[in-house]
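Below is one structure, written out as structure tokens; the observations come after it.
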Amino acid sequence: MWFLNKTAAIIIFAAVLLSCGFADLRPVGYGYVPSDAETVLKDPYSPVSVYFDTEMEENESSGILKVHYTGGNVEGDLHWENNSLVFVPLSPWTPGRRYTLSVSGTAYTRDKRDIRLDNHIPFYALSRSPSPVVEASYPEDGASVGISPEEGRVELKFSVPMDRPSTERDFTVSAFSGKVFEWKDNDRILVIRAQKNLEAWKVYQWSMGTGAESRDGLPLARKVSGQFTTDLDRLRPSVLECYPLLFSGGIWFPTGEKLEDGLRPGLAIAVCFSKPMDENFLKQIRFEPGLSGRTERLSPSSLVYIPDRDPEPESFYVLTVSAGARDTSGLEMEADFSLGFKTAIPYLRIYSFSVVGGPEISGLPEQTVPVKINSALDRVLRYNIRFLYPFSEDARRDSPLRISLSSFFPADLPAPRLRSVDWLPLDTLEPDTLRMGWEGLVPGTAGEKHYYRLLIPGGRSGIGNGNGNYFRDDIEIMLEAIE
């Protein structure tokens, strides 16, 4: 009985104090959901809250609750339910991520009391398993590497086995020509390579985002990134030498000559570099004047240029290798390389000309040559053309067919007919002497001179000796038929 009377007295005393304007000193009761540290919430949208044992001034007290993690604050819906300030995340809680419920500040009751709170309760959602992290990466941030797919690879080591699709999808790297993924160590190590060589002297940046998940569905705890530069090789390539090559038995052999001393017929040109070269160097060769042909790789650091045909006789060429020629590291030459050379191919020339039975004329006759024709006999003209250079067997068969003898004046003079062709291995003549016989020539008279024109076609499509020599221009020799 005395206890009830005492309680009633206290209540009456508090009422008196309030009615007299004294402060209400009763404590405000409160609690949290979750109430214990390291609690694991069961649902993706499980609410967290702070609750009170009395009605609160909601507007003035709403700012005391926040939820955050290492990546920042969590966005959510904050509202009052009776005397509880409730937070519901806008996006589902991330499994395995450690969140913190922070209640900090002053809350006010409707009966004019206040309470100062400063509590921080860590919790998880769905799982307490630690989120995966990248434990190591290659290359080191800011490292210098080569340009090969192996040297320029990115390698990541995770703390737990990873989900392949999400991890590959959330990996980015600048300027790779396609990505090739390789998994190792039970999906704890991921290697990313480019499909082709990287560009030299270029900065590449990569990142692994938090969209990557472990096999348990836990996202990567934090984004990781890095960069590297493909400048490990700093020595630019250069042309060391150029020299003629001879093809024999399916193999190219150096002739032992210098290109600057001349290029003989039937030879190709080797271009040697100081370093192994990329395939593009096969397209960096040009000639002035133009010399059509093709290039083939001789070795990792050399090529052969094979002309489609022999260069022009007695001509000067300039071989240029463009500065765009790259080595296997992607480095280009400092500047164009140029080398001038002449051809060791003289034009075909006439050493002497003679009509059988007449004097030998040295070189090409500059004046009309008189030829004696016996009109009483066969009216045959026989002459010898001695060339300065020997002819091949094929050229000996073909060349006489290109030489013509035609009537020149008067216009109604009958045309001669070819009677015989011989290459003369005589005692006093070399085998580069051609003897031709023509019949049907008509000698002139005192009142009318008769002229015939002997034509030897020149140029590349004209007479050639089969060894790269041909006449620069057409050769014309005027003949006067006399009795």
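The values are calculated or read from the model by the stated rules, or taken from the named source; none is laboratory data. Note that the structure is a prediction, hence the values are computed from the model and not measured. Glycine also receives a Cβ, built like all others from the backbone with ideal geometry; neighbour counts cover every protein chain displayed. The protein model used for the area step is the full one, side chains on, heavy atoms only, and it has no ligands, DNA or RNA in it. Shrake-Rupley method; radii C 1.70, N 1.55, O 1.52, S 1.80 Å.
On the beta carbon distance between L78 and R116, with R0 = 22 Å, the FRET formula returns roughly 0.65.
For T106, neighbours were defined as the other residues whose beta-carbon sits under 9 Å from its Cβ, and their charges (Lys and Arg +1, Asp and Glu -1) total -1. Along the charge dipole of the range 145-276, Cβ charges K/R +1 and D/E -1, which of C272, S238, G211 sits furthest on the positive end? Positive-most Cα among the choices belongs to G211. How far, in degrees from 0 to 90, does helix 2-19 lean away from the longest principal axis of the Cα atoms of the chain, to the nearest 10? For helix 2-19, the angle is close to 60 degrees.
R435 sits with roughly 60 Å² accessible to a 1.4 Å probe, with DNA, RNA and ligands left out of the calculation.
Using a/c under 1.5 as the rounded threshold, could you call the range 176-308 rounded, prolate or oblate? The axes a ≥ b ≥ c are square roots of the C-alpha gyration tensor eigenvalues, and prolate needs a/b larger than b/c, oblate otherwise.
prolate
Straight Cα distances below 22 angstrom link K372 to the lysines K449, with same-chain residues fewer than 8 positions distant left out.
What relative contact order, as a whole-number percentage, does the chain give when Cα pairs under 8 Å and 6 or more residues apart are counted? Could you put the intermediate results ahead of the total?
Details: 1089 pairs, mean separation 40.9, N = 483.
Once divided by the residue count of the chain, the mean separation gives 8 percent.
Rolling a 1.4 Å probe over the heavy atoms of the protein chains gives the chain an accessible area of 54 Å² per residue. With the whole protein complex present, F52 retains an accessible surface near 10 Å², based on a 1.4 Å probe.
Solvent-accessible surface of protein heavy atoms, probed at 1.4 angstrom with all chains present, puts H450, H79, H120 in the order H120, H79, H450, largest first. Whole angstrom only: what separates the Cα centroid of the range 410-483 from the Cα centroid of the range 344-385? Taking the Cα centre of the range 344-385 as reference, the centre of the range 410-483 is 7 Å away.
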